[in-house]
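What follows is a short report on a single structure.
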Amino acid sequence: MNNGARTLLAALIILAISWSARATETENLNIRILPAPGNLAVDGKIDDWDLSGGVFICSDVENLRDKMGVWIHIAYDADNLYVLARWIDETPMSNPGSVAGDHGWNGDSLQLRIIAKPEQNNPRPICWVTGWRDRDGKDLIDLDFPKKNLAKLKDAKTKGAQQAFSKNTDSKGYMQEIALPWKTVIAGGITPKPGVRVNFSAEANFNTGA
C-alpha cells in the first residue's frame, strides 16, 4: 500500500548514552508516522503493523546492535498516536521498580518527548511520556507536561491510553506497544492531517544489572 500521501512526518532526535569514546551511535533525524490500519490492536503483537517506516536506536552499533537496541515504529489515526518498540534486550522487561511509586526510567522503559503542534509557542506544548512494566508485571504510562499546558497524568490508561508487552520466544527481546489519545498528548487534542510535522524523540532505557 502506498502511504506516501497520507503519512505524517516526525522530526526525530534519538538520544542514547555512548558507552565508549569510539562507539558509534545511531542518528535518526526523521521518521514516518504511517496511517494505522483499521484492525490495529494494542496487544504486544506486530502482525497488524506496517514496519516499513521504523528506525533503529543503538548507542554502540559495532558492539551492541545484536544485544541492546530497539526499533521504533509510529502510526496514527483520528483518535490515537501509536508507538511500537521492538526491543533487542538480553534481560527483557527487567525493571526493579514498582508502579506504586518508583521512577520507570531506573530500568527497562521507553521515554518519549512529543510536540504535537511544533508551530505553537507560549507555552510550547511538550508531552513527556514514560511507558514501562514493573517487577510485579504491572505496567504504567506516565505523562508529564513541563510547560504546564496540561496537568501531570500519572496513569494515562485512566484516560484511554493503552499499553501491552510480549516477550520474544528466544527471551532476547520483547515488544512494547502504546496507544496515546491525542487529547492526552496536547490540550484540546488535534485532528491529524497527512503531511504535517510532529516533533518526536525517543529514549530507550535498559536495566542490565551491571
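Starting from the Cα gyration tensor of the chain, take the square roots of the eigenvalues, sort them a ≥ b ≥ c, and report rounded, prolate or oblate (rounded when a/c is under 1.5, otherwise prolate if a/b is larger than b/c, else oblate). Don't skip to the end; give the middle numbers.
Details: a/c = 1.41, a/b = 1.25, b/c = 1.13.
Judged from the Cα gyration tensor, the chain comes out rounded (a/c under 1.5).
Send over the semi-axes of the range 68-113's equivalent ellipsoid, whole angstrom and largest first, taken as the square roots of 5 times the C-alpha gyration tensor eigenvalues. Walk me through the intermediate numbers first.
Values: eigenvalues 105, 51, 11 Å².
Semi-axes from the Cα gyration tensor: 23, 16, 7 Å.
Lys and Arg at +1, Asp and Glu at -1: add these up for the other residues within a Cβ distance under 14 Å of D77 and post the number. Write down the numbers at each step before the final one.
Details: positive: R6, K183, K193; negative: D48, D50, D79.
Summing Lys/Arg as +1 and Asp/Glu as -1 gives 0.
Give me the percent of the accessible area of the chain that comes from carbon and sulfur atoms, probe 1.4 Å, all protein chains in place.
On the way: 5130 of 10470 Å².
Here it works out to 49 percent.
Viscosity 0.890 mPa s, temperature 25 °C: Stokes-Einstein D of the range 125-178 from its Kirkwood Cα radius, in µm² per second? Can you show the working numbers first?
Values: Rh = 12.4 Å.
In µm²/s, the coefficient rounds to 197.
Ignoring ligands, DNA and RNA, what accessible area per residue does the range 37-127 give at 1.4 Å, in Å²?
On the way: 4020 Å² over 91 residues.
Result: 44 Å² per residue.
Computed over the Cα atoms, what is the radius of gyration of the range 65-165 divided by 2.2 N^0.38 Å, N being its residue count? Each step should come with its number before you reach the end.
Numbers: Rg = 14.5 Å, N = 101, 2.2 N^0.38 = 12.7 Å.
Ratio of Rg to 2.2 N^0.38 Å for the range 65-165: 1.14.
Length gain on complete extension for the stretch S98 to K138, per 0.36 nm per residue less the alpha carbon to alpha carbon distance? Before the final figure, lay out the partial values.
Working: separation 40, 0.36 × 40 = 14.40 nm, distance 0.79 nm.
Answer, rounded to one decimal: 13.6 nm.
Indicate the gyration tensor shape class of the range 25-98 (rounded, prolate or oblate), computed on the Cα atoms with a ≥ b ≥ c the square roots of the eigenvalues: a/c under 1.5 is rounded; otherwise a/b larger than b/c is prolate and the rest oblate. It would help to have the intermediate numbers written out before the result.
On the way: a/c = 2.32, a/b = 1.44, b/c = 1.60.
In terms of gyration-tensor shape, oblate.
Let me have the 222 nm mean residue ellipticity of the chain computed from DSSP H runs of 4+ only, each contributing -39500 (n - 2.57), with the sum over all residues rounded to the nearest 500.
Details: 2 runs with 8 residues, N = 210.
Computed ellipticity for the chain at 222 nm equals -500 deg cm²/dmol.
Please give me the summed charge of the neighbours of T91: other residues whose Cβ is under 15 Å from its Cβ, Lys and Arg +1, Asp and Glu -1. Walk me through the numbers before you get to the answer.
Working: positive: K67, R133, R135, K167, K172; negative: D66, D89, E90, D108, D134, D170.
Net local charge, T91 excluded: -1.
Hey, if you drop one equal point scatterer on each alpha-carbon of the range 150-189 and run the Debye formula without solvent, what base-10 log of I(q)/I(0) do you get at q = 0.16, 0.21, 0.22, 0.24 Å⁻¹?
-0.51, -0.68, -0.71, -0.78
If you take the charge dipole of the chain about its Cα centre, with +1 on Lys and Arg Cβ and -1 on Asp and Glu Cβ, which of I190, L64, S171 is farthest toward its positive end?
Farthest towards the positive end: I190.
Dividing the alpha-carbon Rg of the range 88-141 by 2.2 N^0.38 Å yields what? Walk me through the intermediate numbers first.
Working: Rg = 14.2 Å, N = 54, 2.2 N^0.38 = 10.0 Å.
That works out to 1.42 for the range 88-141.
Compute the separation of the alpha-carbon centres of the range 24-64 and the range 80-101 and state it in Å as a whole number.
Using only Cα atoms, the two centres lie 15 Å from each other.
The values are calculated or read from the model by the stated rules, or taken from the named source; none is laboratory data. Quantities reported herein were computed from a predicted structural model and do not represent experimental measurements. Counting neighbours? That spans all protein chains shown, and the Cβs are built from the backbone with ideal geometry, glycine included. Heads up: the accessible areas ignore ligands, DNA and RNA and are worked out on the full protein's heavy atoms, side chains in. Shrake-Rupley method; radii C 1.70, N 1.55, O 1.52, S 1.80 Å.
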